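Inspection log for the structure reproduced underneath, given as structure tokens.
Any read-out appearing in this document is the output of simple, stated calculations on the displayed coordinates, not a laboratory observation. These numbers come from a predicted model, not from an experiment. Cβ sites come from the backbone with ideal geometry, for glycine too, and all protein chains shown count toward neighbours.
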Amino acid sequence: MIWSSWSEFINMGGYAGFVWWSYGVTAAFMIGEVILLGRRRRTVLQRLARLIKANKHPKTTGTIETKQEYRK
Amino acid sequence: MANSRFWLYFSSPKTFYPFAGKLVPWCAGVAVVLTVIGLYLGLLVTPPDYRMGNSYRIIYIHVPAVWMSMLIYMVMAGWAAVGLIWNVKLAEMMAGALAPTGAMFTFIGLWTGALWGQPTWGTYWVWDARLTTYLLLLFLYMGFIALRSAIDDPRRASKASALLAIVGAINVPIIYFSVKWWNTLHQPFTVAPGQESKIDPTMLWTMLIMVFAFWAYAIAVALLRIRSEILEREKNASWVAELLDSSQDTSSEDNIAQEKSAQGDRA
């Protein structure tokens, strides 16, 4: 450990703005990408689940469009 | 030939989908562990630079991000070429899955570079060869992504964007050698193969740990993305229906229930 106090660590020898903006934005982008991918996966699974349901019970659920799409 | 059978096996989305699913947690785990070690060493252990003080700590994310952005571009162009030449659907999807992550790393490279340039050179930006060709890399990524989403037919979109990716690949060696060929404000190679490193070994190791962390991260997110892309593009394939049918009672139904309760909470 090279820092003697918490505030010294935060201050980064006077370069706090440059260092923390670099690390902060990088972290935000990388974590954000993972969150977006998780959301996309959930959306895809929901859409597919609806598509499969529509095919199983053609008379009760689903639009004609999705059924045709599924049969392709 | 066993070798060609191996590649054929993984060139089918049906077999690649579960394989990628098994790989993701491993890559993610490696990425998290290496990032924690790298950040600990980079922010708490390594000494300040004798000239740049603590501003040099940006190196631990700047260099890995820039390396990854160029490497991902070459891998992306390679998969795009495979998809174009041998008409392999999975290779096209692989190229598409890598592009957003590559673009993100390019932006991080530019962003951290600007924030490092100000305290070191006294300017956030300069139109020198290294910085300008590197900005071009971001535009190539954006063009690739835009072209893919602009064409409705996924096969045609992949072919058109593959050409752009392959032609644009010439930019990557230009970025790499720009500091050697032209007089740039950006410093020449600090670390390069076949040349003794000009930075302290503990700093070098910390940087390399972060490089491998970003590497594992990039593989994990690209695999996550390609899994969604496979489901989207293969939505009419029977194996997708079977796969979801067997897991519907657990995962996807749960997700729908969760989503509904979340919507209820919001309302």
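Numbers below:
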| quantity | calculated |
| --- | --- |
| Derived scalar couplings ³J(HN,Hα) [region B:140-156; Karplus, 6.51 cos²θ - 1.76 cosθ + 1.60; whole Hz; x for Gly, Pro] | 5, 4, 5, x, 4, 5, 5, 5, 4, 7, 7, 9, 5, 6, x, 5, 5 |
| HN-Hα J in Hz across region B:61-70 - Karplus 6.51, -1.76, 1.60, θ = phi - 60°, x for Gly and Pro | 10, 5, 5, x, 5, 5, 4, 4, 4, 6 |
| Number of Lys pairs (Cα under 18 Å; 8 or more positions apart or on different chains) in the protein assembly as shown | 17 |
| Share of alpha-carbon pairs per 20 Å distance bin for the protein assembly as shown, given as whole % | 26, 51, 21, 2 |
| Distant alpha-carbon pairs in region B:134-244 (separation over 21 angstrom), percent | 62 percent |
| Those chymotrypsin sites (Phe, Trp or Tyr not before Pro) in region B:130-198 that DSSP places in a loop and that have at most 15 other beta carbons within 10 Å | B:182, B:189 |
| Fewest-first ranking of B:107, A:18, B:19, using other Cβ atoms within 10 Å as the exposure measure | B:19, B:107, A:18 |
| Ascending count of other beta-carbon atoms within 10 Å, so fewest first, for B:35, A:43 | A:43, B:35 |
| Stokes-Einstein D in µm²/s, Kirkwood radius over Cα pairs - chain B at 4 °C with 1.567 mPa s viscosity | 62 µm²/s |
